[in-house]
Amino acid sequence: MFSMTIWGSRGSMPTPGPDTVVFGGNTSCLEIRADDRLVIVDAGSGIRGLGDKLMREDIKRGPIDADIFITHTHWDHIMGFPMFTPIYVPGTKLRLHGPITYEEDSLEKVIGSQLSYRYWPVRQDELSAKIEYEQIKETGMDLGGGLTVRTKYLNHPVLCLGYRFEYEGKAFVTAYDTEPFRNLFPTDPADPSYDEEACREGEAAAKEENEKLLRFFQGADLLVHDSQYTAKEYTQGGKIGFGHTSYEYAINAAHKAGVKNLLLFHHDPNRSDAELQELELFYQSKVGGKSSLNLEMAREGRTYTLGSPLPGRGA
């Protein structure tokens, strides 16, 4: 079986409380199961709950053995790592992969700096688990047992990767934190900095990168896509350049790429359950009858089986 469970769907910071119980308040963490293989995407605050579940259930079958793929090293995507119980258990084997922006700091240093006395009572070199760190860029990897992963650079203020996992003919793709690539050169001829050739090259480069992403999504059975803003919030609310996408763009990209099921992800910390439910119904009504795409807001605690339709459809 090829499945994915959400342990954290919130963006930017954890938001516990009565207004976030439906969609969840933990930051990014996904659990992927490819039969007996365990893969984790991101170590946000949601990884604490996953670690507790692994200690209740998986440890009975033997030591925890997993690959962890970090999309990027912003704190909301790594902050849960010190609370991931398996790192304190002898016999645990973890292979931690991810990109880093500054070459002078290794991935191990970026992640492990949280485990220093100024922040945490246990230092990284005191952990019982065997942890291997691998800095990755755009690449393809064979994880064994028929499970593969490809990576794609996204558009975020720090180096960030999307992941495409494939197993037994099914594809699961992540694309967060990201926003559409855009021309960074002045486009107004009246602008003193305007350069016609640079503008033309900038437009071509942005178009090419956006098309590469569509190919990366192509035919995915399940796509988890950044959607922190509405189109109005993104364009009129000063959010361009923050590294996050609008619902409208994510839906349109998924439709163009022939994605079967779309989860709208990385919920804004200010967005309540009531607001997310209203937005979910609104976008489902817009898509319904016009596309074969199924979509819903990502919900913490929900499991999705690759090859099956979304289980909730707004429930």
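The values are calculated or read from the model by the stated rules, or taken from the named source; none is laboratory data. Keep in mind the model is a prediction, meaning the values are calculated, not measured. Cβ: placed from backbone, ideal geometry, glycine included. Neighbour counts: every protein chain shown.
So if I check each of GLU134, GLU138, GLU108, GLU104, which one is of a type in the set (D, E, K, R) and out of contact with any strand residue (DSSP E or B) (no Cβ under 6 Å at 6 or more places or on another chain)? Give the steps one after another, and end with the answer.
On the way: GLU134 fails: out of contact with any strand residue (DSSP E or B) (no Cβ under 6 Å at 6 or more places or on another chain); GLU138 fails: out of contact with any strand residue (DSSP E or B) (no Cβ under 6 Å at 6 or more places or on another chain); GLU108 fails: out of contact with any strand residue (DSSP E or B) (no Cβ under 6 Å at 6 or more places or on another chain).
Just one listed residue meets the conditions, GLU104.
Tell me, which residue of the range 193-225 that is touching a residue at least 60 places away in the same chain (Cβ under 8 Å) and not in a loop (DSSP other than H, G, I, E, B) is surrounded by the most Cβ atoms within 10 Å (Cβ to Cβ)?
Keep residues of the range 193-225 that are touching a residue at least 60 places away in the same chain (Cβ under 8 Å), which gives 212-213, 216, 221-222, 224.
Going one step further and asking which of them are not in a loop (DSSP other than H, G, I, E, B), we end up with 212-213, 216, 222, 224.
On the way: LYS212: 14, LEU213: 22, PHE216: 22, LEU222: 25, VAL224: 28.
Looking at the filtered set, the residue picked out is VAL224.
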When LEU264 is evaluated against the numbered criteria (1) within 20 Å of the chain's Cα centre (by Cα); (2) surrounded by fewer than 19 Cβ atoms within 10 Å (Cβ to Cβ), which criterion, by number, is the only one it fails?
-> (2)
Report yes if some residue within the range 301-312 is touching a helix residue (DSSP H, G or I) at 6+ places or on another chain (Cβ under 9 Å) and in a strand (DSSP E or B); otherwise report no.
-> no
Restricting the range 24-76 to residues that are in a strand (DSSP E or B) and small (Gly, Ala, Ser), the residue that is surrounded by the fewest Cβ atoms within 10 Å (Cβ to Cβ) = ALA66
Take the range 129-180 and flag every residue that is crowded, with 18+ Cβ neighbours inside 10 Å, of a type in the set (Asp, Glu) and not in a strand (DSSP E or B).
-> ASP177, GLU179
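Answer with yes or no whether ASN183 is out of contact with any strand residue (DSSP E or B) (no Cβ under 9 Å at 6 or more places or on another chain) and either at pLDDT 90 or above or assigned to a helix (DSSP H, G or I) (or both). Even if it seems obvious, please write down each step before you answer.
Details: out of contact with any strand residue (DSSP E or B) (no Cβ under 9 Å at 6 or more places or on another chain): yes; either at pLDDT 90 or above or assigned to a helix (DSSP H, G or I) (or both): no.
No: the conditions fail for ASN183.
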